[in-house]
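Each remark here refers to the structure printed beneath this line.
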Ligand SMILES: *[C@@H]1O[C@H](CO)[C@@H](O)[C@H](O)[C@H]1NC(C)=O
């Protein structure tokens, strides 16, 4: 090689590019993690943030504005934080804009200068349901508040697949009548500002109800071949099919291009016999990480990559016994991974 300063420079530059590409593929920098706190043996928030840094996590979702966690996140601007409004606060907040302003002043304002809060989620899976009608008023008040102050925070809600009355095949995706009443107005509101709806998508649950007819490879995104042909769209994995069923259901409500972010997905590593082993959980979650990192979309939305959060950082021993306690990637006591993922 002719070693002019210029070629040396280009050589070094290509090394840097290679190293950073390698980092992108291994550290899963686009995948977020849910950080649940329903355990009595969890590490301190600052140890958890050190763990996130060590594995390259730049997006974290917490379920309520926990002061210990938010204080520990101060100064870590590279970590984008999604903060939930507690379900039990919705009734008071939906009744008064002043209450919403007070909530914001107490729970968000103190962190604005040194925590990178990117999303506030109003209610966790409360639509469809009794609290469902309380979501839109709070989303509206918070949206007005952040807009009037020019804050780069997106206001949205988190919903589950329970909104779908029909989901198979994906093109048959339709909301239930309660979802049409409660969710559609929220989706239309979010559309005005192109703010993503956050959706929890767990292929594990339908698989666990019918492990005979649903192939494991399809459920854990291990199949390369098309398993479900839906008109012109071919599905090799259940995650894409569930995602697209929701997209189809939104379209039928006249909501066409609203971005969708996966607020939770995951697979338990124990609690339900041979359906829940560390190996299977590692396969599902690993394939989700690959999906996100690949930048590839779903069959219905091939041009927009999948963005989302794995559930969850730790096994949480104060959740209901069984699989619910075993969605964690890490053991809370020694912070060791339950299986190799990152
Ligand atoms: C805040 O977090 C988001 C999402 O992870 C990220 O895109 C953005 O770069 C972060 N902001 C800063 C100042 O690092």
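Here, each number is a calculation from the coordinates, and none is a lab measurement. This structure is a prediction, so every number in the text was calculated from the model and none was measured. Cβ coordinates were reconstructed from backbone atoms using ideal geometry, including for glycine residues, and neighbour counts include every protein chain displayed.
Where in region 306-342 is the amide nitrogen less than 11 Å from a point lying 7 Å along the Cα-to-Cβ axis of residue 78?
none
What is the Cα coordinate range of region 146-291 on the first, second and third principal axes, sorted by size from largest, in whole angstrom?
So the extents along the principal axes, rounded to whole Å, are 52, 33, 26.
Output the relative contact order of the chain, whole-number percent, from Cα pairs under 8 angstrom with separation of 6+ residues.
That works out to 18 percent.
Report for the chain the percent antiparallel among DSSP-assigned beta bridges with both residues inside it, nearest 5.
DSSP beta bridges in the chain are roughly 20 percent antiparallel.
Once the piece of chain linking residue 106 and residue 257 is laid out straight, how much longer is it, given 0.36 nm per residue of separation minus the C-alpha distance between them?
Contour length minus Cα-Cα distance gives 50.9 nm.
Roughly speaking, what is the centre-to-centre gap between region 200-256 and region 97-115 when only Cα atoms are used, to the nearest Å?
Result: 39 Å between the Cα centres.
Order the peptides 299-309, 55-65 from the highest to the lowest mean number of other Cβ atoms within 10 Å of their residues.
Taking the mean over residues of other Cβ atoms within 10 Å, the ranking is 55-65, 299-309.
Given R₀ = 35 Å, what would the calculated FRET efficiency be for residue 214 paired with residue 91, taking r from the Cβ atoms and rounding to 0.05?
0.35
How far apart, in nm, are two points set 7 Å out from the Cα along the Cα-to-Cβ line at residue 162 and at residue 223?
2.8
Most fluctuating residue of 143, 67, 121 in a GNM of the chain with Cα springs under 10 Å: which is it?
The residue that fluctuates most here is 67.
Once label points are set 7 Å from the Cα along Cα→Cβ at both residue 290 and residue 188, what is their separation, rounded to one decimal in nm?
Simple spin-label model gives 4.2 nm for this pair.
Which order do the peptides 229-241, 267-279 take when ranked by the mean count of other beta-carbon atoms within 10 Å per residue, highest first?
By packing density, highest mean first, the sequence is 229-241, 267-279.
Can you show me the helix-derived [θ] at 222 nm for the chain, built from DSSP H runs with n ≥ 4 at -39,500 (n - 2.57) apiece and divided by the number of residues, rounded to the nearest 500.
-11500 deg cm²/dmol
Along Cα→Cβ, 7 Å out, is where each label goes; now give me the distance between the ones at residue 98 and residue 317 in nm to one decimal.
4.6
In a GNM of the chain with a 10 Å cut-off on Cα contacts, which of 214, 153, 127 has the highest mean-square fluctuation?
Checking each option, the largest mean-square fluctuation is seen for 214.
Mind grabbing the base-10 log of I(q)/I(0) for region 7-325 at q = 0.07, 0.08, 0.16 Å⁻¹? Debye formula, identical points on the C-alpha positions, no solvent, two decimal places.
Each listed q maps to, in turn, -0.29, -0.38, -1.50.
By its C-alpha gyration tensor, with a ≥ b ≥ c as the square roots of the eigenvalues, how is region 218-265 shaped: rounded for a/c under 1.5, else prolate for a/b larger than b/c, else oblate?
Here region 218-265 falls in the oblate category.
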